[in-house]
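Read through the structure below, which is laid out as structure tokens, and then see the notes.
The values are calculated or read from the model by the stated rules, or taken from the named source; none is laboratory data. Owing to the predicted nature of the structure, the values given are computational and were not obtained by experimental measurement. Virtual Cβ from ideal backbone geometry, glycine too; neighbours counted across all protein chains shown.
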Amino acid sequence: MPNANRGSVGFRSDEFDQEYDRPSKSELKRQMNDLQKLGEQLVAEPRDRVKRTPMPEELRDAILMAQSITDHGGRRRQLQFVGKMMRKLDEEEVAVIQRTIESWKGMSKAETAALHALERRREKLLADDNALTQLLEEHPELDVQQLRTLIRNARKEQAENKPPKAYREIFQILKDLNKKPKKDEAEEEGDDDESDE
């Protein structure tokens, strides 16, 4: 039965509760695990991306070292060391690394979508002769004879289950074409900027 006099004697029920200014042990553990995972993501990325990521030099060296270790136990210890170094970073440094990784994910999705578009275009070229006419209208600098030969050879490779040499060459030509307009557009923008001045 509750004591009816308790409130009247001057005690408050929350008077003895402790107030903490720091995060709980569980929260600290979650933060440590998040930083460990972030370090592991960096280790999984290609070396050139890691080298371009803004971070302290000793952390970059530790990540590059972890990438080169093949022994399971040694790699695990190096990953723990990377996690320990990640915990020494301030919030802004961690945020920069996270934004960089997020930008890679977006870039990878865009690259994948572009490659799928090129593959669809190649399939159209093999399935429909009108697709070649359309491609030549868009890019008159292409060698018509070479493309016709490659398409014919690619169809023959598919029919006879041969290695897809011409099939890959067509893809490479389309990939090179995809890169060219970006450069030309950049030059045109540069010309426009000069004419505005």
| message | Checking Thr70 against (1) within 30 Å of Leu42 (Cβ to Cβ); (2) part of a helix (DSSP H, G or I), only one condition comes out false. Which one? | response | (2)
| query | Which condition number in (1) more than 21 Å from Ala154 (Cβ to Cβ); (2) loosely packed, with under 11 Cβ neighbours inside 10 Å is the one that His116 fails? | reply | (1)
| query | Would you say Lys124 is among the charged types (D, E, K, R), surrounded by 11 or more Cβ atoms within 10 Å (Cβ to Cβ) and touching a Lys or Arg at 6+ places or on another chain (Cβ under 9 Å)? | reply | no
| task | Restrict the check to segment 148-155 and report whether at least one residue is of a type outside the set (Lys, Arg) and surrounded by fewer than 12 Cβ atoms within 10 Å (Cβ to Cβ). | result | no
| task | Go through segment 12-51 and give me each residue that's modelled with pLDDT under 80 and loosely packed, with under 11 Cβ neighbours inside 10 Å. | result | Arg12, Ser13, Asp14, Glu15, Phe16, Asp17, Gln18, Glu19, Tyr20, Asp21, Arg22, Ser24
